[in-house]
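A short worksheet on the structure shown next.
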Amino acid sequence: MTSRLTVIAGPTAVGKGTVIKHILDNYPQVKLSVSATTRAPRPGEVDGVSYHFLSTDAFDAKIAAGQMLEYAVVHGANKYGTLREPVEQALAAGEQIILEIDIQGARQVKAAMPEANLIFIAPPSWEELVHRLTGRGTESAEEQARRLETARTELAAQGEFDHVVINDEVAECARRIVELMQD
Ligand code: 5GP
């Protein structure tokens, strides 16, 4: 049985990572696709688990070989992409698989697979988003400014999604997403 792909996007610092971790911890039937990226690992990130960390040359070779389902330059800096083969295998096996990718990638997936279910996680307000981004303190001021700029553009694109879920409470946001995956 082939299952339907779920794509989750939303602006930086909206809490996507926390919501997705909650889903993976509490709904074991749901699997997360591991993306490839050219950015350097952050402390604690594990190659093959957090991301497949690739050099720019290795990433470009996969694009040229048609092995990327989608890819994009995110925050004007690094390339991020979804490897086609593991996703196609998971769908063919009937698994419930989530892609956590940016808006440009979400558009590419929708174009390639119109049946994909696109879910946008939105913040309760713009002020709350700024507060969450500056509060986590993992990015430089310059990087924060770049990410807020991307966030502004991304928020404007939420109408392109099949569903919008507001992350005001993690467990509730996660529950709604899993419910929408059954649609
Ligand atoms: P971070 O550097 O914080 O791990 O991720 C930055 C952004 O890259 C996130 O907003 C995430 O949605 C996006 N991203 C992660 N993996 C992929 C991917 O495979 N494809 C695309 N298009 N975006 C991705």
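The values are calculated or read from the model by the stated rules, or taken from the named source; none is laboratory data. This structure is a prediction, so every number in the text was calculated from the model and none was measured. Backbone-built Cβ (ideal geometry, glycine too); neighbour counts: all protein chains shown. With ligands, DNA and RNA removed, areas are computed over all heavy atoms of the protein, side chains included. Shrake-Rupley method; radii C 1.70, N 1.55, O 1.52, S 1.80 Å.
The length gained by stretching the chain between residue 50 and residue 152 to full extension, at 0.36 nm per residue less their Cα-Cα distance, is 34.2 nm. Each part reduced to its alpha carbon centroid, the range 1-74 and the range 110-183 end up 15 Å apart.
Note on residue 85 and residue 170: the extension gain reaches 27.5 nm, defined as 0.36 nm multiplied by sequence separation minus the Cα-Cα distance. Based on protein heavy atoms only, the chain ends up with 50 Å² per residue of surface accessible to a 1.4 Å probe.
With the biggest extent put first, the Cα atoms of the chain measure 43, 39, 30 Å across the principal axes.
In the chain, the calculated helix contribution to ellipticity at 222 nm averages -13000 deg cm²/dmol per residue, counting -39,500 (n - 2.57) for every DSSP H run with n ≥ 4.
Each of residue 57 and residue 92 was given a label point 7 Å from its Cα along the Cα-to-Cβ line. The distance between the two points is 3.2 nm.
Efficiency by 1/(1 + (r/R0)^6): what FRET value for residue 180 and residue 112, r their Cβ-Cβ distance, R0 = 22 Å, to the nearest 0.05?
Using R0 = 22 Å, I get an efficiency of 0.60.
Under a 5 Å amide H cut-off, with hydrogens placed 1.01 Å from N, residue 166 pairs with 122 among residues at least 5 apart or on other chains.
Summarising the strand pairing of the chain, around 30 percent of its internal DSSP beta bridges are antiparallel.
For the range 1-77, which semi-axes, largest first and in whole Å, follow from the square roots of 5 times the eigenvalues of its Cα gyration tensor?
23, 17, 13
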